[in-house]
Amino acid sequence: MSVVLLTVVLVPLVLAIAVCSGRTCQWAARLLPYASWPALLTAVFGAEGSVVYSPILFGLLLGLDELGRIFLGFTALVWTAAGFHLRSAGLPVSSFVERRFVFCYLLAMVGNLGVMLAFGGPGFYLFFALLSLAGYGLIVTDREPQTRRAGRIYVILALFSELMILAGFIFLAAGRSGPFPAVLLFFGLGIKHGVLPLHMWLPLAHGIAPPPASALLSGVLLKAGAIGWLRFLPETAPVLAEWSVAIIALGMAAAVLAALVGAVQTNPKMMLAYSSISQMGIFTAGFGMAVASPSLWPLLVPALALFACQHALVKAALFLGVGTDRAARSGGWVWPVLGLLSLALVGAPMTAAAMVKLWFDGYLSTLPAVAGELLAVALPLTTVTSTLLMSRFVWALRKPRSSAEGVGRGLASPVPFLGLTGLALLIPWLLAWSLNPEVFLLAFAGASLWKTLWPMLVGAATALLLARWAVRWRIPPGDIVVPLEWLAHHLKPPVLPVSEHRPRHRYWFPPMPWPQMEAYLRRSPVTGVIYMLCILILALAAGVVL
Amino acid sequence: MNGSALLPLLLLLSSLIPALLIFALREPQAVARNCINLTGAVVKLALVAGVLWGVYRGWRFEFAYELLPDVAFSLRIDALAMLFVTLSAVLWLLTTVYAIGYLAGTPNQRRFFGFFSLCVAATVGIALAGNLFTFFLFYELLTLSTYPLVVHRGNRASLQAGRIYLAYTVAGGAVLLVGIAWLYVLVGPVGFVEQGGALRGVSEELYPALRWIFVLLVAGFAVKAALVPLHIWLPMAMVAPAPVSALLHAVAVVKAGAFGIVRVIYDVYGIDLARTLDLGSGLLLVTVATIVYGSLRALQQDDLKRRLAYSTVSQLSYIVLGASILTPAAIVGALVHLVHQGVMKITLFFCAGIFAETLGVHKVSELNGIGRRMPWTMTAFTISGFGMMALPPTAGFISKWYLGLGAVQGGYDWVLFVLLLSGLLNAAYFLPAIYRGWFGRREGEWPHERYQQRLETKASLLVPPLVTAALTLFFGLFAGWVLSPLYWAELIAQLEMGR
């Protein structure tokens, strides 16, 4: 057990170190897709339980439970698919930039797999920080101004997230619950999956990063914050229950608004990024429902895990699809399959996303009245807006785009994409069946079919209607970051005076023949004698005074 | 006097004797000089290892004789002393290796290495001092023996810096002496008492005077610990050669001040009396101001060494901050940061020295693409930079965790947020350097490139920062292990809290 859990993080770590050396980097790159296999095997076959590694940090607590198994499983799967995608694009590791990318890729994998296993605050923070930092290297692969801007905004928000989480965990370690740790952890972890209004790094980073990196960012890096919520926020639960309605409202706002902003983007990857914010808004709302009362928590956490799983797999597949070579063998499948995935994402009837929404639906009556009514209106609305967004996405991709050159932007074979798509459609179903067979069957009932179908039809109709003229106006990617940057540019903090040390001391000292004296002192025998005398005098002086 | 009482003396002599031998050699006898130096450093390390084991077993060693009636010269080995001695012994060895490489072929090496060893002897004396008088003796010895190192280059800037340095430290020493003398008049000779402090059970009438004495003592130490506004000498002293900046400004001199404050609070006043007299809160404000101010100044420096110097100003205050909060976790944080800050900052100074020596790069804005030319050095720099930002799994994270925990447990929630702000500022001035190093691209030649060998620079320059960077990672990642500073700091904290 203890060895197995360590292998999960040690294998990618060893490969990361191997990439640094010119002699071993080639085989390390070849092994790239297999680095996540120990995690995959652990998720499938590993025994549940936890281990304390007492020499590491303050006693690193790693473990595997039902929740961790699901999260670890889909995370490892997406990393594997992204690895095959990168390798099929012929990832050479000869240049410094490529090796830097692969190094960061592997370190991010260590962090990403680690957070799924960490049961304790410090350990979670360790892996989370590793993930955040290495994520920078996944996003920034060239020196274009817009890349550096995206990287800068990512780093700023990642740092804030780090510090808030650290403070939150310190409060928890000191045995304090209450609003402080709750707010710090909620937003600190929430930055990762784009909780409003701290979502602005997401579209920029996803738009810039190479497609496999975007797949990882959107698919699984985002879920690091999600599992943090599920693991650590309940420790502050009494406060959260009071905020349940606010959390639901925040989530629904993200779900609807982000989809609308995404619909007026031009870059398909940015559309997908906004879709991620929107989908994670639904996750946030579900989380708000789960914390509303202690009895709901165990009933809804599996639904949240299912939602995270299906979103991770589907979204990662979508991003890989955007970066796949359509001219290659079986490349003709890419566009139709993207359409199919879009259907799965928005929650078409009988898909896992629809099952989660039905699952949520079942508990609306147990919620506070405001929250119940809000969700009853907003849940179908999210399907409408998501359908609008994804229709525009599919429309934008109808013709193959020329892919830019760069790390991981070579022409990748469609096989990893198609493979991941198959699993993305299959696994959430199996998971839904094992977690909650009733909801699974409910999704095939006639009433539910219509319930999930009509919002989609409305969304598709809106997309058709708006196709003509909505294209004209745009919201720049990153939306509220634009005015913020303007503010930051114009509101530079006052600069402290720079010269603090020059003139003042001139008046302190009487003029002395220092230069000559220095020259004299530099002959060391004399200095030594004077020095010893000084010590003697000081010692005597001290003795006399005392 | 039995053999074990000689141990403290041996620890002291293992660097004092090399110093005297080096002064006796002639300038060209480089091989002999280096041999003596390294032998001393290795012998000291071996001694330290043995003593550590003994202290861990609960033994204490003391060496004392009376200079004058009631005025004893006393060297004692206790857990707190060993924390500082071990740090300086390990870093002395590494810095000696580095300095031999750094100064090869330059004049005045005899003077340099002689005083360098003397400095280390003084540092060990400070660590082992068993009473305030002995502490003061070595404290002043340190001041004087550092001066020739600061002015080593002998140019105008060095002389000016040396003058400022002396003015500050000698004045600080004088204030300290007044404080010590006053305390002596009130309560007689003051030794350091490991559990509970020397002043335990002192009558309440003396409380007002004790407060003032505390202010004097801390003001005396604050000069070396570079608390704002007494920090000005530190960034100026950056004109000294890199090994000096590395050892003295990361470890010896500045730590002597911080260590003095820790000794005074824990072993002279004791934690209970310090709480009763509420000594911490004033000091806390000063340290918080220093932390923020130092970081803000660091942000404005383009010169790498000056940026590091201001960062030292800021980071040192973490130690004093932890010491002034007086909760168990904060004490652990302060003590562990004493070691961690030393290891991390010395790495950064080593790296800055390598950049300057090998490529002629002195400024942050010139670091573009340096990670391609010198990946190992830049890796060491990055690890320690992350340590300064307190990212896990580096040593800095351990310190900050305990300091933050201590602050929250003591009810100082706002201090935690100051620590976070400082972390943010640290990131703001370390990340650009790291970004430039790894993600930037160099256009054209390096200003002054040397040592184009199989390694990226001289081996003697490269190995020390790699070792300290590895220690930074090791101390952080394996904090729970018996050999980690954290374990030792927890041991001391238990002793000081009297549990």
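The values are calculated or read from the model by the stated rules, or taken from the named source; none is laboratory data. Just so you know, these numbers come straight off a predicted model, no measurement behind them. Cβ atoms come from the backbone with ideal geometry, glycine included; neighbour counts cover every protein chain shown. For the accessible areas, the whole protein counts, side chains as well, though only heavy atoms, and no ligand, DNA or RNA atoms are used. Shrake-Rupley method; radii C 1.70, N 1.55, O 1.52, S 1.80 Å.
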Quiz item: When only residues in region A:8-21 that are touching a helix residue (DSSP H, G or I) at 6+ places or on another chain (Cβ under 7 Å) and open to solvent by 50 Å² or more (accessible area, probe 1.4 Å) count, which is nearest to A:W79 (Cα to Cα)?
Solution: A:L13
Quiz item: For region B:40-55, what are the residues that are under 25 Å from B:L335 (Cα atoms) and either touching a residue at least 60 places away in the same chain (Cβ under 8 Å) or open to solvent by less than 30 Å² (accessible area, probe 1.4 Å) (or both)?
Solution: B:A41, B:K44, B:V48, B:V51, B:G54, B:V55
Quiz prompt | Conditions (1) over 20 Å from the mean Cα position of the chain (by Cα); (2) over 26 Å from A:T462 (Cα atoms): number failed by A:A263 | solution = (2)
Practice problem: Return a yes/no flag: does region B:441-459 have any residue that is part of a helix (DSSP H, G or I), in contact with a helix residue (DSSP H, G or I) (Cβ under 9 Å, 6 or more places away or on another chain) and within 26 Å of B:A298 (Cβ to Cβ). | Solution: no
Quiz item: Taking region A:265-295 only, how many residues are of a type in the set (A, V, I, L, M) and open to solvent by 10 Å² or more (accessible area, probe 1.4 Å)?
Solution: 3
Quiz item: When region B:1-20 is examined, which residues are found to be closer than 13 Å to B:F112 by Cα, within 14 Å of chain A (Cβ to nearest Cβ) and either aromatic (F, W, Y) or crowded, with 18+ Cβ neighbours inside 10 Å (or both)?
Solution: B:A19
Exercise. Can you work out which of the residues in region B:74-107 that are under 29 Å from B:P485 (Cα atoms) and not in a helix (DSSP H, G or I) is most open to solvent (accessible area, probe 1.4 Å)?
Key: B:R76
Exercise. Exactly one condition in (1) open to solvent by 10 Å² or more (accessible area, probe 1.4 Å); (2) more than 10 Å from chain A (Cβ to nearest Cβ); (3) part of a helix (DSSP H, G or I); (4) of a type in the set (F, W, Y) is not met by B:F430; state its number.
Key: (1)
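Given the structure, is A:R69 surrounded by fewer than 20 Cβ atoms within 10 Å (Cβ to Cβ), closer than 30 Å to A:W297 by Cα and charged (D, E, K, R)? It would help to see each step written out before you state the result.
On the way: surrounded by fewer than 20 Cβ atoms within 10 Å (Cβ to Cβ): yes; closer than 30 Å to A:W297 by Cα: yes; charged (D, E, K, R): yes.
For A:R69, the condition - surrounded by fewer than 20 Cβ atoms within 10 Å (Cβ to Cβ), closer than 30 Å to A:W297 by Cα and charged (D, E, K, R) - is met.
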Exercise. Quick one: in region B:114-134, of everything that is within 11 Å of another protein chain (Cβ to nearest Cβ) and in a helix (DSSP H, G or I), which residue is nearest to B:Q29 (Cα to Cα)?
Key: B:G114
Quiz item: Can B:F214 be described as within 29 Å of B:Q494 (Cα to Cα), modelled with pLDDT of 85 or more and either among the hydroxyl-bearing types (S, T, Y) or in contact with a Lys or Arg (Cβ under 9 Å, 6 or more places away or on another chain) (or both)?
Solution: no
Quiz item: Which of the residues belonging to region A:384-412 are open to solvent by less than 40 Å² (accessible area, probe 1.4 Å), part of a loop (DSSP other than H, G, I, E, B) and modelled with pLDDT of 70 or more?
Solution: A:L397
Exercise. Can you confirm whether region A:413-424 contains a residue that is within 28 Å of A:A461 (Cβ to Cβ), under 23 Å from the mean Cα position of the chain (by Cα) and either at pLDDT below 85 or crowded, with 23+ Cβ neighbours inside 10 Å (or both)?
Key: yes
Quiz item: Right, B:V418: at the interface with chain A (Cβ under 10 Å from one of its Cβ atoms) and either at pLDDT below 90 or out of contact with any strand residue (DSSP E or B) (no Cβ under 7 Å at 6 or more places or on another chain) (or both) or not?
Solution: no
Self-check item: Failed criterion for B:L67 (all others in (1) assigned to a strand (DSSP E or B); (2) open to solvent by 20 Å² or more (accessible area, probe 1.4 Å); (3) within 20 Å of B:S14 (Cβ to Cβ); (4) within 14 Å of chain A (Cβ to nearest Cβ) hold)
Solution: (3)
Practice problem: State which residue pairs qualify: first residue hydroxyl-bearing (S, T, Y) and inside region B:294-309, second residue buried (at least 20 other Cβ atoms within 10 Å of the Cβ) in any location, beta carbons under 8 Å apart, and separation of 6 or more residues or different chains. | Solution: B:S295/B:Y310; B:S295/B:S311; B:S295/B:S314; B:S295/B:S422; B:S295/B:L425; B:S295/B:N426; B:S295/B:Y429
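Go through A:R99, A:R23, A:R87, A:R69 for me and flag whichever is among the basic types (K, R) and not in a helix (DSSP H, G or I). Break it down stepwise before answering.
On the way: A:R99 fails: not in a helix (DSSP H, G or I); A:R87 fails: not in a helix (DSSP H, G or I); A:R69 fails: not in a helix (DSSP H, G or I).
Answer to the selection: A:R23.
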Quiz item: Can you name every residue in region B:366-401 that is more than 9 Å from chain A (Cβ to nearest Cβ), of a type outside the set (A, V, I, L, M, F, W, C) and assigned to a helix (DSSP H, G or I)?
Solution: B:E366, B:R373, B:T377, B:T382, B:S384, B:G385, B:G387, B:G396, B:S399
Quiz item: Taking region A:351-367 only, how many residues are open to solvent by 20 Å² or more (accessible area, probe 1.4 Å) and either under 28 Å from the mean Cα position of the chain (by Cα) or among the β-branched types (V, I, T) (or both)?
Solution: 4
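With B:V467, B:V463, B:V482 as the choices, which residue is open to solvent by less than 70 Å² (accessible area, probe 1.4 Å) and β-branched (V, I, T)? Give the steps one after another, and end with the answer.
Numbers: B:V463 fails: open to solvent by less than 70 Å² (accessible area, probe 1.4 Å); B:V482 fails: open to solvent by less than 70 Å² (accessible area, probe 1.4 Å).
That would be B:V467, the only listed residue that is open to solvent by less than 70 Å² (accessible area, probe 1.4 Å) and β-branched (V, I, T).
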Quiz item: What about A:T80, is it closer than 30 Å to A:L430 by Cβ, crowded, with 21+ Cβ neighbours inside 10 Å and free of Cβ contacts under 8 Å to residues at least 60 places away in the same chain?
Solution: yes
Quiz item: Looking only at helices (runs of 4 or more DSSP H) that fall completely inside region B:214-308, which ones have 1 or more residues that are within 15 Å of B:L326 (Cα to Cα)?
Solution: B:253-263, B:270-277, B:280-300
Quiz item: Only one of these conditions is not met by A:M164: (1) open to solvent by 30 Å² or more (accessible area, probe 1.4 Å); (2) under 24 Å from A:V261 (Cβ atoms); (3) part of a helix (DSSP H, G or I). Which number is it?
Solution: (2)
Practice problem: With respect to B:A209, determine if the residue is closer than 29 Å to B:S295 by Cα and in contact (Cβ under 8 Å) with a residue 12 or more places away in the chain. | Solution: no
Practice problem: For residues that are within 12 Å of chain B (Cβ to nearest Cβ) and assigned to a helix (DSSP H, G or I), tally how many sit in region A:131-153. | Solution: 11
Practice problem: Determine, yes or no, whether B:H362 is closer than 30 Å to B:F192 by Cβ and in contact with a helix residue (DSSP H, G or I) (Cβ under 9 Å, 6 or more places away or on another chain). | Solution: no
Practice problem: Considering only residues that are within 10 Å of chain B (Cβ to nearest Cβ), in a helix (DSSP H, G or I) and open to solvent by 30 Å² or more (accessible area, probe 1.4 Å), look in region A:173-205 and name the one that is farthest from A:L126 (Cα to Cα). | Solution: A:F180
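State which residue is nearest to B:S317 (Cα to Cα) when the search covers only region B:271-300 and only residues that are open to solvent by 60 Å² or more (accessible area, probe 1.4 Å) and among the hydrophobic types (A, V, I, L, M, F, W, C).
B:L285
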